[in-house]
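Structure record follows, encoded as structure tokens.
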Amino acid sequence: MKKIIINILKYSTLVFLFWILIIVTRVYGGDYCTTVYNIFIIPFIIILAIINIITLYIIDFTRKRYKITNYVLLSLVFIFSVHIFFNYLNSEKELKQKFLVDDNRLSVYLYKNKTFEIIANSPHVTCHYFGKYNLENNYLIFDEEITEKKTYQISKKYKFNIIKKEFESVEEGFPNLIQDN
């Protein structure tokens, strides 16, 4: 039992570093935000993980037992590879239309699989919001969750204006979606 606890403590920092790396680089499975600080955070976490791996192998070198370290490391690399694969799948959607909101800090991407992505840009943070939409009879209708998003500039329902080539909000007080060519 003591050996198991020592191994858990020994590998917990490496597991924790990989867990943080996955959280910071996640771009699938829901809304997320990224900051410019990721430029510094991600390399720092990778360097700490490499130092941790080297330390674990130095400790194992004295005992000539690499089996557990190899299994833990292979498992973490496999999990991170699956994570990167899901990031790739999320980024490979086929774009149908792109719209800008009046202040150009908000972009709306409509994909052919009836999903949307709203990208809200600010000086240090970029947030991505996802959901589903319907396009029927010149009306663009976002799912119910759009009202729960932090992008209060987007209405639930828009009507397409053929002359202006933009979607106008059916509700008052919301900006139009201007098509980006």
*Going by alpha carbons, how many degrees (0 to 90, nearest 10) lie between the helix axis of 2-24 and the longest principal axis of the chain?*
30
*For the chain, find the longest principal axis of its Cα atoms and tell me its angle to the long axis of helix 67-91, 0 to 90°, nearest 10.*
10
*Can you tell which of 69, 36, 124 lies farthest toward the positive end of the dipole of the chain, using +1 and -1 charges on the Cβ of basic and acidic side chains (Lys, Arg; Asp, Glu)?*
69
*Work out the P(r) tail for the range 1-81: percent of alpha carbon pairs separated by more than 19 Å, whole number.*
44
*Straight-line reach from residue 156: which lysines have Cα under 22 Å away, leaving out those fewer than 8 places along the same chain?*
96, 98, 112, 114, 132, 164, 165
*For residue 2, go through the lysines and keep the ones whose alpha-carbon is under 16 Å away, minus same-chain ones fewer than eight residues off.*
10
*How much space per residue, in cubic angstrom, does the convex hull of the C-alpha atoms of the range 118-180 take up?*
99
*Please compute P(r) over all alpha-carbon pairs of the range 52-113, binned at 5 Å starting from zero, and give each bin as a whole-number percent.*
4, 14, 13, 12, 10, 9, 8, 6, 7, 8, 6, 4, 1
*Gyration tensor over alpha-carbon atoms, the chain, equivalent ellipsoid semi-axes in Å*: 47, 15, 13
_Solvent-accessible area, 1.4 Å probe, carbon plus sulfur percent, for the range 73-181_ = 54
*When the helix-only estimate is applied to the chain (DSSP H runs of n ≥ 4, each -39,500 (n - 2.57), divided by the residue count), what is the mean residue ellipticity at 222 nm, nearest 500 deg cm²/dmol?*
-14500 deg cm²/dmol
*asked:* If you fit an axis through the alpha-carbon atoms of helix 38-63 and take the longest principal axis of the Cα set of the chain, what angle between them do you get, 0 to 90°, nearest 10?
replied: 20
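The values are calculated or read from the model by the stated rules, or taken from the named source; none is laboratory data. In this text the structure is predicted, and so the values were computed from the model without any measurement. Backbone-built Cβ (ideal geometry, glycine too); neighbour counts: all protein chains shown. Just so you know, the surface numbers come from the protein's heavy atoms only, side chains and all, with ligands and any DNA or RNA stripped out. Shrake-Rupley method; radii C 1.70, N 1.55, O 1.52, S 1.80 Å.
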